[in-house]
Amino acid sequence: MPERADAARNRAKILAAAEQLFTAHGAAEVTMEDIARAAGVGRGTLYRRYPDRASIAVALLDEHERRLQESLLRGDPPLGPGAPPASRLAAFYEAMVDLLERHAHLVLGAEVGHSRFTTGAYGFWRTHVRVLAESAGTADPDVLADVLLAPLAPELFLHQMSRGVSVERFTATLRGLAVLLETK
């Protein structure tokens, strides 16, 4: 059933308000009440669609992550199919660092602690990295997938940035990690 026009308007107002607040203050500092007030909607309207801040952050991230997923599946190499596993992992790292640089406040709101492992996006990233590790012939691609994704935790990224590590330096370090998948 198509979304009602008023529901679509409210959804757009909620997401726009949340994105502004998350960007300005960080997702952890924004309450659901703040979002409802900034969007000009009642709390009931907000909670009917989004039970918590994380669900709002997930909705905001969804479009950005979908574009990256499409590039991984159908894009040009090295991000897309056709390049060696190590090159694809290095390109994936670069794309993910770009996503974190632009949207870390949203990722942090959606992927905190254990919840990181239960998002659909993490499952997709994990499958992608696992397939790369397997095609590189690594000994235990199942364990290695999570290990290779660990540096992309939003808390770690923000910690590194707060220490003065540049995005370029962080990305270069991850590219160095990608050589683990060089086929023998």
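Read the figures in this text as sums done on the coordinates, not as results from a lab. Treat the numbers as computed from the prediction; the structure is a model and nothing was measured. Here the Cβ is made from the backbone with ideal geometry for all residues, glycine too, and neighbour counts use every protein chain on show.
Structure values in brief
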{"read-out": "Whole-percent pair-distance distribution, where bins are 5 Å wide, for the alpha carbons of region 1-51", "value": "4, 23, 32, 23, 11, 5, 2, 0"}
{"read-out": "Helix 53-74 vs. the chain, principal-axis angle (Cα, 0 to 90°, nearest 10)", "value": "40 degrees"}
{"read-out": "Compactness of the chain - radius of gyration and Dmax, Cα, Å", "value": "18.2, 59"}
{"read-out": "Among ALA83, HIS103, MET1 the positive-end extreme of the charge dipole of the chain (Cβ point charges)", "value": "MET1"}
{"read-out": "Total charge dipole magnitude, region 1-104, about the Cα centre, Cβ charges on Lys, Arg, Asp, Glu only, Debye to nearest 20", "value": "440 debye"}
{"read-out": "Extended-chain gain in nm, criterion 0.36 nm per residue less alpha-carbon gap, LEU180 and GLU101", "value": "26.0 nm"}
{"read-out": "Unit charges on C-beta of K, R, D, E only; dipole of the chain, Debye", "value": "400 debye"}
{"read-out": "Within region 38-70: backbone nitrogen closer than 19 Å to the MET1 label point (7 Å, Cα to C-beta)", "value": "45-50"}
{"read-out": "For region 124-175: Kirkwood Rh in Å [reciprocal of mean 1/r, alpha carbons]", "value": "12.0 Å"}
{"read-out": "ARG48-ARG67 pseudo-label distance in nm [points 7 Å out on the Cα-to-Cβ vector]", "value": "3.1 nm"}
{"read-out": "Residue among SER162, SER55, SER71 with the largest mean-square fluctuation in a Gaussian network model of the chain, springs linking Cα atoms under 10 Å", "value": "SER162"}
